Every structure is written in structure tokens, then in C-alpha cells.
Amino acid sequence: MSENVYIIGAGIHPFGRTEERSGREQGVYAVREALKDAGLEWADMECAYGGSAAAGSADIMVNELGLTSLPFTNVANGCATGGSALAAAQQAIASGMYDLALAVGFDKHPRGAFNAKPADYGLPDWYGQTGMMLTTQFFALKIQRYMQLHGISRTTLGRVAEKAFRNGAKTPHAWRRSEIDLETIMNAPMINDPLTKFMFCSPSEGGVALILASEKKAKELGALQNRGGVKIAKIAVKTRPPDSFEVFQPGVSVKEGGKPTVLASKAAFEGAGIGPEDVEVAQLQDTESGAEIMHMAENGFCKDGEQEEWLANGWSALGGKLPINTDGGCLACGEPIGASGLRQVYENVEQLRGRAGDRQVAGRDGKGPKLGYSHVYGAPGLSAVAILER
């Protein structure tokens with residue numbers, strides 16, 4: 001395997017609604033921003049990996065970017081599409097085959113809830129007729145169960161959303177850029193008990209692109225100077241083990257099984273040679289408020305039930321001991337499936353470079369964080385974790 005792999009360029013198209021641009025055009029915009037950030041041209045790229053769920057094949061981007069004959073692989077892995085594209089790009093460089101690679105994700109979803117089809121997940125029609133293909137209902141039932149088992153209150157759900165909108169107000173690429181107070185969140189219309197409308201993310205639009213380089217190439221380009229290059233310490237992608245309880249699953253085991261997030265997190269920490277206590281900024285999948293709460297524990301940052309204390313004391317807020325979802329996460333940015341996982345990594349790149357503006361995390365040395373953690377979870381039960389280091 002080759003030496004270390006670095007992210008040397010990062011670009012984003014603002015999330016939300018952009019009527020005048022297709023999803024692919026938003027992806028192209030992000031790629032051009034990433035190339036500009038890295039000081040490279042499209043012709044310099046040696047391979048590319050990318051995907052979207054609703055905006056067409058990523059490889060068609062070459063029509064706008066240029067016909068350079070580079071190998072471009074389409075990636076489709078649910079909400080983990082972006083994380084999987086990043087993993088593929090990292091592996092392509094680590095193998096020694098390439099020195100420069102692109103990971104890109106974009107999407108453009110219609111308004112309303114995601115409309116998954118049972119047959120696409122190997123499920124019979126009756127599963128959809130029960131309403132369980134509607135993810136708002138599944139996640140509401142999952143967090144109800146978790147709250148009863150571990151003593152989580154509805155107020156804590158509201159505090160997650162309040163934090164998200166507070167951070168989103170400081171983030172230029174966020175969709176929801178207005179703060180919403182806790183009382184408004186708690187008294188908003190109920191979508192699926194116990195989650196109100198401000199506790200859910202929404203399908204949206206956006207694009208993110210990251211340019212990766214081998215250590216040799218990064219040094220050759222001068223990309224490691226002035227915190228320009230961010231090292232990928234470890235990426236791990238895991239699917240569901242036996243007896244886990246995951247989205248689009250027709251039954252729940254009577255046994256307590258493993259979880260894909262726990263497995264991916266453990267593999268990432270072991271591969272990076274660090275522990276949860278070393279992380280200084282984290283981006284966790286927050287499809288809704290309950291997801292962030294559950295993922296805090298599944299990724300090893302606290303024990304089940306301790307989230308009550310964390311949110312009450314502001315420990316996961318900007319200025320807290322572990323800021324989580326510093327750009328507002330999916331709640332404030334929305335979720336364009338192909339781009340969402342890469343947005344998390346983009347945010348950590350900005351944090352580690354010290355370029356996050358009003359939402360910048362100071363880190364333990366006051367010079368910004370040294371270690372950033374991102375986690376994405378998707379149907380039908382898979383997780384991707386990426387740990388970055390400056």
C-alpha cells in the first residue's frame with residue numbers, strides 16, 4: 001500500500017433549493033470549487049468516484065468538466081453514497097495506482113418525504129402498506145424505544161434541533177439559516193410521535209467534491225503547507241450484523257444484536273490508533289433529532305442515557321467539550337443523499353484548516369481541532385466513518 005492520503009481540495013454547492021441548477025450542475029459547481037481550492041485543473045485528475053440517488057449518474061459530469069478519458073465510477077450506497085465514494089477514492093490512492101482522485105456527491109430531491117419502494121430493498125408490498133417504508137415513522141418508533149430504555153426526554157430531542165438551527169445560522173452552505181427557539185420546536189406540529197416537524201431533516205439539494213492526493217503528490221504540489229492538506233487517518237464502512245434493528249427491516253430480533261455504526265466506529269478508531277476521547281469535532285448522522293442522540297453513544301462518545309446531561313449542559317454545542325454537527329447537520333442543511341456524507345467531511349476539512357468562520361471550533365490548543373470525525377448512516381443498515389487529522 002502507498003503512503004498517507006490527504007484531502008487537498010474541498011468544494012461545496014450550498015444546500016437547500018436552487019431551482020436554476022440541476023443536481024448534476026450543482027455537483028459540477030462543487031468540483032470546480034474543489035479544483036480551484038487545490039490549484040489544479042480537471043485534466044490533472046486521474047480517477048473519480050461519485051454518485052447521487054435522484055439526479056442521474058455522476059460520470060455524466062464529464063460532459064461539463066471535460067472529456068479527459070479518466071476512469072469515473074458511479075457509486076450508489078444510500079445515505080452512505082458520499083462516504084463510500086470517499087472510501088473508494090482513498091483506496092485507489094493508497095493502492096499506489098493513482099496520485100490524484102476525486103470524490104463527489106450531489107442530489108436534487110423533490111419536496112416531501114423520501115419515497116422508497118419495498119421491492120428495491122427485497123421487501124414485499126405489505127411492508128410498504130404498513131407505512132414502515134416512510135422513514136419518519138420508522139425513526140420515530142426507533143427513538144421511542146430508545147427513550148424508554150435509556151431515559152431520554154422529549155426536551156433533549158428539542159435541544160438537538162435547537163443546536164442544529166443555531167449552528168446553521170452561522171453556516172453559509174446551510175439551507176435553514178435562522179435560529180429556532182426550544183419552545184417553538186417543542187410545540188410545532190407533530191409528524192410522528194415524539195418528533196415534531198423541526199426535529200426532522202428534509203430532502204434537499206446540493207453538491208460536495210473533495211480532491212485526494214498521495215503524500216508524494218501533496219508534497220510536490222506544496223499542499224501540506226499552512227494547514228492546506230488534511231490527512232485521512234482512517235475510513236471504515238460496515239453493513240448490518242445479525243440481530244441489529246435497522247431501517248427497512250421487517251422484524252426485530254428478541255436478541256440484542258450489533259449495530260453497523262458501532263462496528264464502523266470501532267474499525268475507524270482502531271485503524272487510526274486513537275479513541276473517542278481524542279476527537280475534537282464530530283459530524284454525526286442526524287436524519288432526525290433522535291438519530292444524533294443514538295449515534296452519540298453508538299460512536300463511543302458517551303454511554304446510553306448520558307445524552308440528557310450532554311444536551312442540558314451544552315457539551316455538544318460550539319464551545320462545548322465535543323462540538324457535534326457544527327454546520328447544523330442534516331437538520332439545518334437538509335439531506336441530498338449523494339452529497340450529505342461528503343458535506344460532513346467537507347465541514348471537518350474546514351474546521352481542521354481553521355476556515356470555519358463564526359462556527360470555528362477552538363480545539364484543545366486554541367489553534368483549531370487536530371482530529372475530526374464524521375459518521376453517516378443509511379438504509380438498509382450501513383454506516384461509514386471517516387477520521388481526519390491535521
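Please treat every number below as a calculation from the coordinates, not as lab data. As the structure is a computational prediction, the values presented were derived from the model and not from experiment. Cβ sites come from the backbone with ideal geometry, for glycine too, and all protein chains shown count toward neighbours.
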Zone of Ser22's modelled label, taken as backbone nitrogen in the range 48-71 under 13 Å from a point 7 Å along Cα→Cβ: 54-65
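Please pull out the direction-averaged projected area of the range 323-366, using the convex hull of its alpha-carbon atoms, in nm² to one decimal place.
On the way: hull surface 12.6 nm².
The orientation-averaged projected area of the Cα hull of the range 323-366 comes to 3.1 nm².
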- request: Determine, from the Cβ-Cβ distance of Ser153 and Asp365 and an R0 of 25 Å, the FRET efficiency 1/(1 + (r/R0)^6), rounded to the nearest 0.05.
  value: 0.10
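Tell me, in nm to one decimal, what length is gained between Asp358 and Lys266 on full extension, where the rule is 0.36 nm per residue of separation less the Cα-Cα distance? Show your work: numbers first, answer last.
Numbers: separation 92, 0.36 × 92 = 33.12 nm, distance 3.18 nm.
Going from the current span to full extension adds 29.9 nm.
Counting DSSP beta bridges with both partners in the chain, what percentage is antiparallel, nearest 5?
Values: 39 of 52 bridges.
Here the antiparallel bridges make up roughly 75 percent for the chain.
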- prompt: With springs only between Cα atoms under 10 Å, which of Asp243, Asp327, Asp304 fluctuates most in a Gaussian network model of the chain?
  reply: Asp243
message: What three numbers, in Å, describe the spread of the alpha carbons of the range 148-204 along their principal axes, ordered from the longest?
response: 37, 20, 19
- line: The alpha-carbon center of the range 111-165 and that of the range 213-238 are separated, in whole Å, by 37 Å
message: Report the Cα centroid-to-centroid distance between the range 180-196 and the range 367-390 in angstrom, as an integer.
response: 28 Å
statement: Taking only the alpha-carbon atoms of the range 122-235, the convex hull volume per residue, in cubic angstrom, is 206 Å³
message: To test your reading of the geometry: what angle, between 0 and 90 degrees and rounded to tens, separates the Cα axis of helix 154-168 from the longest principal axis of the chain?
response: 30 degrees
task: Identify which of Asp286, Asp99, Asp107 has the largest mean-square fluctuation in a Gaussian network model of the chain, with springs joining Cα atoms closer than 10 Å.
output: Asp99
field: Distance in nm between pseudo-label sites at Val62 and Gln144 (7 Å out along the Cβ direction from Cα)
entry: 5.0 nm
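Over 27 Å between Cα atoms, which of Lys142/Lys238; Lys108/Lys303; Lys266/Lys370; Lys238/Lys370; Lys117/Lys303; Lys36/Lys266 qualify?
Values: Lys142/Lys238 20 Å; Lys108/Lys303 36 Å; Lys266/Lys370 20 Å; Lys238/Lys370 25 Å; Lys117/Lys303 35 Å; Lys36/Lys266 35 Å.
Those over the limit are Lys108/Lys303; Lys117/Lys303; Lys36/Lys266.
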- request: Provide the percentage of antiparallel DSSP beta bridges, counting only those with both residues in the range 1-105; round to the nearest 5.
  value: 0 percent
FRET efficiency estimate (nearest 0.05) - Cβ-Cβ, Asn187 to Ala312, R0 22 angstrom: 0.70
- prompt: Once all Cα-Cα distances of the chain are split into 20 Å bins that start at 0, what whole-number percent is in each one?
  reply: 31, 60, 9
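Quote the FRET efficiency, to the nearest 0.05, computed for Trp126 versus Lys219 with a Förster distance R0 of 51 Å and r equal to the Cβ-Cβ distance.
Details: r = 58 Å, r/R0 = 1.14.
It comes out at approximately 0.30.
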